[in-house]
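The values are calculated or read from the model by the stated rules, or taken from the named source; none is laboratory data. Just so you know, these numbers come straight off a predicted model, no measurement behind them. Quick reminder, even Gly has a Cβ in these numbers, built from the backbone with ideal geometry, and neighbours come from all protein chains shown. Note: accessible area is taken over every heavy atom of the protein model, side chains too, but ligands, DNA and RNA are not part of it. Shrake-Rupley method; radii C 1.70, N 1.55, O 1.52, S 1.80 Å.
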Amino acid sequence: MSVSQYNFDGRQLAEHLLAATTREWRALSSPPASPHLAIVQVGDHDASNVYIRRKIRACEKVGFRASRHVFATDVSQVTLLDHVQSLNDDPDVTGILIQLPLPPSLNTSELIKQIDSGKDVDGMTPTRLGALVTGSFHLLPCTTAAILALLSLNQIELCGKSICMIGASALVGKPTALALIHHHATVTICHSETRDLAACIRDADIVIVAIGNPNVIQAEWIQPETIVIDVGINRCADGKIIGDVPARAIVDKGAFVTPVPGGVGPLTVASLVRNLWLLYREQQEMD
Ligand code: NAD
């Protein structure tokens, strides 16, 4: 692979973001208790355990606190709603995160709705997502924030650019497309029913892929010089983690692509810590 003109080392960029947050936190003179992230987990899913450990480690690195609230897979919706409410009411809790995915027996959107938007560290409540539509947002969903950070830390101009967002989920695709529009990009959103994905990709300056399938995007669809942000995380039969795009073939075509692992993922964790800090400051201003 040729050397990229961009720094897409998500681990290094994440350290940069965490260091900036540490500096701002330490600059507070006589601060009250440190920001506190409460993570609600249902079940004992291996991947969730890994992600949660990373989130806790990142919080602790900055000097923030994190607590884990673990429930069995057969927990009732009512028990979880009550627990989220108790976290809403606890003045010691700054931000609340429900680790997804939840078992299908639970109503995820009802649980997310239960989070007080003032403590919504992932920016997923209807109030926070609505603010993204109107442009009055203060924090972005973590993966969207990570993608935007990756672009801005590389001084990649968005104004007037043609961006193809592949994947239209409420978690990644839709909020990312909205955030990019606020930066005056022209965004095409593609999904599983899009008729001619190749044609949508062909004219894009930047392609962002978040579908969760490594067998869809073909390297020949990507033009030289295109910037490809790979959000996908797929576990192969041998346990290896790969993204949604054929990175090597894309780079060989003269385009640029973020790595998986080590690209958007670490920056998403750092963005979560950043969001906790933004919530903390919001709450301090309200006191
Ligand atoms: P999702 O399943 O909720 O949504 C997938 C989207 O992709 C849908 O809009 C669907 O229509 C679209 N899609 C599926 N097949 C397609 C196809 N053949 N052509 C075009 N579009 C297609 O998934 P999600 O939660 O948005 O996550 C997507 C991927 O991103 C997953 O691999 C997930 O693990 C990963 N992810 C990574 C991070 C990170 O921090 N790196 C964060 C969140 C999600």
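Can you sort Arg11, Arg53, Arg26 by 1.4 Å-probe accessible area, starting with the largest?
Arg26, Arg11, Arg53
Can you classify segment 1-40 as rounded, prolate or oblate using the Cα gyration tensor, where a ≥ b ≥ c are the square roots of its eigenvalues, rounded means a/c under 1.5, and otherwise it's prolate if a/b beats b/c and oblate if not?
oblate
Report the net charge of residues surrounding Thr94, where surrounding means a beta-carbon distance below 9 angstrom and charges are Lys +1, Arg +1, Asp -1, Glu -1.
+1
Taking the Cα centre of segment 21-117 as the origin and placing charges on Cβ (Lys, Arg +1; Asp, Glu -1), which of Gln85, Val75, Ile39 is farthest toward the positive end of the dipole?
The residue sitting farthest along the positive end of the dipole is Ile39.
Just to compare against my own numbers: the Cα pair-distance distribution for segment 56-117, 10 Å bins, whole % per bin, please.
19, 51, 26, 4
What net charge is computed for the residues neighbouring Ile211, neighbours being all others with C-beta under 11 Å from the C-beta of Ile211, Lys and Arg scored +1, Asp and Glu -1? Please report the intermediate quantities before stating the final value.
Details: positive: none; negative: Asp230, Asp244.
It works out to a net charge of -2.
On a 1.4 Å probe surface of the protein chains, which of Met286, Met124 comes out largest in accessible area, and what is the full order?
Met286, Met124
Once a ≥ b ≥ c are taken as the square roots of the eigenvalues of the Cα gyration tensor of segment 98-232, is the result rounded (a/c under 1.5), prolate (a/b larger than b/c) or oblate (a/b not larger than b/c)?
oblate
Of the listed pairs Lys55/Lys119; Lys161/Lys253; Lys55/Lys240; Lys161/Lys240, which have alpha-carbon separations greater than 27 Å here?
Details: Lys55/Lys119 16 Å; Lys161/Lys253 20 Å; Lys55/Lys240 21 Å; Lys161/Lys240 34 Å.
Where the Cα-Cα span goes over 27 Å, the pairs concerned are Lys161/Lys240.
Using only the Cα atoms of segment 1-105, build the gyration tensor, take square roots of its eigenvalues as a ≥ b ≥ c, and label the shape rounded, prolate or oblate: rounded if a/c is under 1.5, else prolate if a/b is larger than b/c, else oblate.
Oblate.
Using only the heavy atoms of the protein chains and a 1.4 Å probe, how would Tyr6, Tyr280 rank by accessible area, largest first?
Values: Tyr6 50, Tyr280 10 Å².
From most exposed to least exposed: Tyr6, Tyr280.
To check you understand DSSP bridge types, tell me what percent of the beta bridges within segment 178-287 (both residues inside) are antiparallel, rounded to 5.
Bridges in segment 178-287 are about 25 percent antiparallel.
DSSP beta bridges in the chain, what fraction antiparallel, as a percent rounded to 5? Spell out each step's value before the answer.
On the way: 2 of 29 bridges.
Roughly 5 percent of the beta bridges in the chain run antiparallel, per DSSP.
Using a 1.4 Å probe and ignoring any ligands, DNA or RNA, find the accessible area of Ser109 and quote it in Å² to the nearest 10.
80 Å²
What is the sum of charges, Lys and Arg at +1 and Asp and Glu at -1, for the other residues whose Cβ falls under 13 Å from the Cβ of Leu129?
Net charge around Leu129: +1.
Let me cross-check Glu193: its accessible surface, 1.4 Å probe, with only protein heavy atoms counted, in Å² to the nearest 10?
Roll a 1.4 Å probe over it and Glu193 shows about 140 Å².
What's the Kirkwood radius of segment 236-287 in Å, using all Cα pairs?
So the Kirkwood estimate lands at 13.9 Å.
Once you treat every alpha carbon in the chain as an equal point and sum by Debye, what is log10 I(q)/I(0) at q = 0.12, 0.16 Å⁻¹?
Listed by q, the Debye log ratios stand at -0.78, -1.34.
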